[in-house]
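One structure below.
The values are calculated or read from the model by the stated rules, or taken from the named source; none is laboratory data. Remember, it's a predicted structure, so these values are computed and weren't measured experimentally. Quick reminder, even Gly has a Cβ in these numbers, built from the backbone with ideal geometry, and neighbours come from all protein chains shown.
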Amino acid sequence: MKALLVGVMAAALAAPAAAQKKYDTGANDKEIKIGNTNPYSGPASAYGQIGKAIAAYFKMVNDQGGVNGRKIDFVSYDDSYSPPKTVEMARKLVEQDQVLFLFQTLGTPSNTAIHKYMNTMKVPQLNVATGATKWNDPKNFKWTMGWQPNYQTEGRIYAKHIMATRPNAKVGILYQNDDYGKDYLKGMEDGFGAQASKYIVAKVSYEVSDPTVDSQIVQLQASGADTFFNITTPKFAAQAIRKAYDIGWKPVQYLNNVSISVGSVLTPAGLDKSVGLITAAYLKEPTDARWANDKGLEPFRAFMKKYMPDANIADNFNIYGYTVGTTLVAALKQCGDDLTRENVMRQAANLKSLRIDTLLPGILITTTPSDYAPIEAVQLQRFNGKQWELFGDVMTSQ
Amino acid sequence: MVCPCFWGRGVSRRTLILVALAIVACALPFIVSNYRTFQLTLVLVYAIALLGLNILTGYNGQISLGHGAFYALGAYCTAILMDRWGVPYWATIPVAGAVCLVAGFLFGLPALRLEGLYLALATFALGVAMPQLLKYHLLEKWTGGVQGIVIMKPSPPLGLPLNPDQWLYFFTLAIAAVMFILGYNLIRGRTGRALVAIRDQHIAAEAMGIHNALYKSLAFGVSAMFTGVAGALGAVAVQFVAPDSFNIFLSIVFLVGIVVGGLASISGALYGALFIQFVPNIADEISKAAPWAIFGVFMIGFVYLMPTGVAGAVRLITSRRRAS
Amino acid sequence: MDAFIAQVLSGLATGGIYASVALALVMIYQATHLVNFAQGELAMFCTYIAWAMIDAGFPYWAAFAATMVLAFVIGVAIERLVIRPVEGSSVLAVVVVFIGLLVIFNSLAGWIFTYTIKPFPSPFPAQPLFGNRYLSSHELGAIGVTLVVLFLLYVFFRFTPLGLAMRAAAQNPESSRLVGIRVGWMLALGWGLAAAIGSIAGMMVAPIVYLDPNMMGGVLLYAFAAALVGGIDNPMGAVIGGFIVGVLENVLGAFVIGNELKLSVALVIIIGVLLVKPSGFFGRVHVTRV
């Protein structure tokens, strides 16, 4: 009887403690305020589609009741891909708009500019929208975390694949002359390790302001390369694929993940010209015929139809935004009623094999306090003229 | 107009306005939030840059669509000196100014042969090519390439009860005051008159004995120096430099600033700076989709409706009131 | 050697792009003595109009013709409504208006049509001529179209009274008025023609570089370089200049200075030509009287 009484008392005491709510600025009973910067104007404005997709996703979440009963207030500002502007907008979000944390701020230089600030202010810089490697550094920058498989990992995977399948390959690389391009390049070079100079016969860059990359493709063909690592953004990827075909250069081509959209890249390039392309993917591609009847994509298609009817489903920024939004919502749900910045960070670093259906089968999201890379796995796939065919196993960079 | 005052000498209306402005400027960081103080620091930075551009384009009539390049040069001077050689931030400012003075003068020499639209074209090309130059791999050791350079935030000198944002604001304010006084003396003096003469009637000016070539190149150099100092201060304020921040749109923004603020006007630099700092934020609220379009409309609108800019409008209003 | 030839031919292909935009620039200059910074964005915007028509089901040539007409109308409208008020004022005012137009067209295109790239159809066959690997049929066709436009322009300016009137109006507005030329409408006509030529350039360029709002951003600087090299008031010079710039850019980028400095090549060309031979290699030298 006494034990029962103690038990009941203990339960009575424990219950309020469990139901205790803790908030930092930006969170309360009704809402969670989340900040973001994206390039909605200027030369990188194509990426602004991600911000729009995330905003639409949160709207859907709110319509469905929010996260643990709280609505998400998503405040997103334009930074024109200019780091000084990012600094200004980040400070505005943190100091004036008083958001709980920043989410999916886009661009490597933009995030570099606010990296120290966010960690000094102890405000989470969550799931940054860049594939650079430096965001996985919980020891020194505990408040910053990435999300997508980082570029260097992808480059390394391609290098390993080349070394395993074609040890005498001669690799030519086309890369965009900015942080994104150079990160991929480094990944591949690191993947080859000491043999990099043996494998890589040509490294050719281009600027976003170049009208075409035709000259670069001709240079690569002239170098005698029989393998081609294509590190380009969608527009230039389409040009490169087409030009390579047109000049009769038929290398084994590895296409970087940023430009794998069938609808936005391969169709303009020419589906017949894209046969044999290899890429590493982690997201399903909605216009790929293989997922045409996929049940896992149905919620996403419904979301696009209702919340982004004018957007192009082939643009893989949309499924990217949807998936990263889903990741965040999962972490927020885990926070329960403890919406302090500390706890948000803790839960974001505590995702155990989270499965989201817009990710390729076999790819799970896992984070730990010492592993701030949510998605580390990719799977290689090859284009057969109609769709991407997965092959091999899900790989990580190890 | 003279106001009576207690020193026994007349204090002009303008001096009163300047003193009032100074008091307000000094009080602001203690009234507004740190974020606003940061924004005001940027306003001061842009004001210095616009003053530089105005000296060249407003007073001397040489159109530059590439002043972002000098801003970048100043910013990188500071970043490289601070990051690679550990030079304290305040010592980098005069160095940045000196480097840009020389660079501007050197650019101004060949520019002598270019008139109006052609000069605009040449400077446009400079503005477009600048980011690529900054990313050039042979310079990467110093410039940090596409990764850019992160700068430490300066803290207030020992003992002062200011936070870093406030200290930076006052530091920038002091330099801005110096630059504006410098600019004012330059414009009001013989040099300024020579510059304007060259702008309005360059053949007659040459005939009158003004050494066009020297003045025009000097104008370029001085103008670049101002903008370079602004770039240096801007780098310290933002604590980061990267090549792609200094693209052609930055030069276009400066042009907008002097047109809106008022060409050939010193106060215009301040109005223009306020415009280019705060209006994009407002445009963002009106339409996320087309903020630059709104910017463009403002640009064209001001050219039609207020060709002398805000400064001209202010002058008009105050002179009308004085007359009535 | 093969690599060199390949680069030269590839340079001719890109040069064709620069040449067609440079033609539009020269057109405006001949009509108004102004360098139009917004030419590229205007061409891009008109190309989007064409794309919208084709997307709605119009056949290619119908859309092509309709776009040319629309571009003409837009050009005239811009001259009458936007440029006219500042024509008399300083060069700076004009430059500011041009830059304003540049940013407005660029952001409008992005707003209305989004930033995803769109493929633009080509009227030329997909197979390369004679099966050659260097130049696609479209690239050859685009060069051909540019040359046809050039020829038509030449005939227009040289042999038609209207062309003569336009040249007169640009050269000497006061005297032209005295002889009865409606200078204002000549300027508007010049703008309309330039816009139409620009739209042709855009529709030839888009199949190669893919249509997106920043399509012309990179091209504009090279087109300026091309127009200057050839002489800003000489259409044929502009076309030759375009090819020269294209080949130089490709060859220098591939063999001499690397791809990282290609824009600097354009910069050096522009400044170099302006300093050494401002009238270009084929242009006329202007003398200003005091």
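Checking each residue in the range A:179-235 for being under 21 Å from B:PRO131 (Cα atoms) and more than 7 Å from every other protein chain (Cβ to nearest Cβ) picks out A:TYR180, A:GLY181, A:ASP183, A:TYR184, A:LEU185, A:LYS203, A:VAL208, A:VAL213, A:ILE231, A:THR232, A:THR233.
Rundown of residues vs (1) in a helix (DSSP H, G or I); (2) among the hydrophobic types (A, V, I, L, M, F, W, C); (3) surrounded by fewer than 24 Cβ atoms within 10 Å (Cβ to Cβ); (4) within 12 Å of another protein chain (Cβ to nearest Cβ), yes/no style:
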{"site": "B:PHE275", "(1), (2), (3), (4)": "yes, yes, no, no"}
{"site": "B:TRP292", "(1), (2), (3), (4)": "yes, yes, no, yes"}
{"site": "B:PRO307", "(1), (2), (3), (4)": "no, no, yes, yes"}
{"site": "B:ILE317", "(1), (2), (3), (4)": "yes, yes, yes, no"}
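Name the pairs whose Cβ atoms lie under 6 Å apart, with the first residue in the range A:28-56 and farther than 12 Å from A:GLN104 by Cα, the second part of a helix (DSSP H, G or I) and hydrophobic (A, V, I, L, M, F, W, C), and 6 or more positions between them or separate chains? From residues that are farther than 12 Å from A:GLN104 by Cα, the pairs are A:SER41/B:TRP292; A:GLN49/A:PHE317.
Selection within the range C:242-290: residues that are modelled with pLDDT under 80 and within 18 Å of C:LEU23 (Cβ to Cβ). The member of this set that is surrounded by the fewest Cβ atoms within 10 Å (Cβ to Cβ) is C:ARG284. The set of residues in the range B:183-200 that are without any contact (Cβ under 8 Å) to a residue 40 or more places away in the chain and surrounded by 13 or more Cβ atoms within 10 Å (Cβ to Cβ) comprises B:THR191, B:ARG193, B:ALA194, B:ALA197. One residue is enough: does the range A:325-334 have a residue meeting the conditions surrounded by fewer than 16 Cβ atoms within 10 Å (Cβ to Cβ) and more than 20 Å from A:PHE74 (Cβ to Cβ)? Checked the range A:325-334: no residue is surrounded by fewer than 16 Cβ atoms within 10 Å (Cβ to Cβ) and more than 20 Å from A:PHE74 (Cβ to Cβ). Working only within the range B:119-145, note down all residues that are at pLDDT below 85, facing chain C (nearest Cβ under 8 Å) and either outside any helix (DSSP H, G or I) or more than 15 Å from A:ASP178 (Cβ to Cβ) (or both). Passing the criteria: only B:TYR136. Checked against (1) part of a helix (DSSP H, G or I); (2) under 30 Å from A:GLN221 (Cβ atoms), A:LYS134 passes all but condition (2).
Of all the residues in the range C:79-111, those that are within 9 Å of chain B (Cβ to nearest Cβ), assigned to a helix (DSSP H, G or I) and not aromatic (Phe, Trp, Tyr) number 20.
Within the range A:38-55, the set of residues being touching a Pro at 6+ places or on another chain (Cβ under 9 Å) and surrounded by 24 or more Cβ atoms within 10 Å (Cβ to Cβ) comprises A:TYR40, A:SER41, A:SER45, A:GLY48, A:GLY51.
Scan the range C:218-237 and give yes if some residue there is within 26 Å of C:PHE45 (Cβ to Cβ), surrounded by fewer than 24 Cβ atoms within 10 Å (Cβ to Cβ) and within 9 Å of chain A (Cβ to nearest Cβ), otherwise no. Within the range C:218-237, one or more residues are within 26 Å of C:PHE45 (Cβ to Cβ), surrounded by fewer than 24 Cβ atoms within 10 Å (Cβ to Cβ) and within 9 Å of chain A (Cβ to nearest Cβ).
Taking the range B:79-113 as the range and being in a loop (DSSP other than H, G, I, E, B) and either in contact (Cβ under 8 Å) with a residue 40 or more places away in the chain or more than 14 Å from chain C (Cβ to nearest Cβ) (or both) as the test, the residues that pass are B:GLY86, B:VAL87, B:PRO88, B:LEU112.
Residues in the range A:295-328 that are touching a Pro at 6+ places or on another chain (Cβ under 9 Å), of a type outside the set (Lys, Arg), free of Cβ contacts under 8 Å to residues at least 60 places away in the same chain and over 30 Å from A:PRO124 (Cα atoms): A:ILE313, A:ALA314. Residues that are crowded, with 18+ Cβ neighbours inside 10 Å, among the polar types (S, T, N, Q) and away from chain A (no Cβ under 14 Å): does the range C:121-130 have at least one? The answer is no; no qualifying residue exists. Meeting the requirement of 1 or more residues that are small (Gly, Ala, Ser) and facing another protein chain (nearest Cβ under 9 Å), the helices (runs of 4 or more DSSP H) wholly within the range B:193-273 are B:202-207, B:212-238. Scanning the range A:87-119 for residues that are charged (D, E, K, R) and more than 9 Å from every other protein chain (Cβ to nearest Cβ) yields one hit, A:ASP97.
Applying the set (1) part of a helix (DSSP H, G or I); (2) free of Cβ contacts under 8 Å to residues at least 40 places away in the same chain; (3) of a type outside the set (A, V, I, L, M, F, W, C) to C:GLY57 leaves exactly one unmet item: (1). A single member of A:LYS160, A:LYS139 is charged (D, E, K, R) and assigned by TED's automatic domain parsing to the domain that holds A:ALA331, and it is A:LYS139. Remark: B:ALA264 matches the filter, which requires a residue to be modelled with pLDDT under 85, under 19 Å from B:THR57 (Cβ atoms), buried (at least 18 other Cβ atoms within 10 Å of the Cβ) and among the aliphatic types (A, V, I, L, M). Among the conditions (1) more than 28 Å from B:GLY58 (Cα to Cα); (2) free of Cβ contacts under 8 Å to residues at least 12 places away in the same chain, C:LEU81 misses just one, which is (1).
Taking (1) touching a Leu at 6+ places or on another chain (Cβ under 8 Å); (2) modelled with pLDDT under 95 in turn, B:TYR71 satisfies each apart from (2).
Selection of the range B:280-290 for residues being in a helix (DSSP H, G or I), within 13 Å of chain C (Cβ to nearest Cβ) and either touching a helix residue (DSSP H, G or I) at 6+ places or on another chain (Cβ under 6 Å) or under 20 Å from A:VAL87 (Cα atoms) (or both) yields B:PRO280, B:ALA283, B:ASP284.
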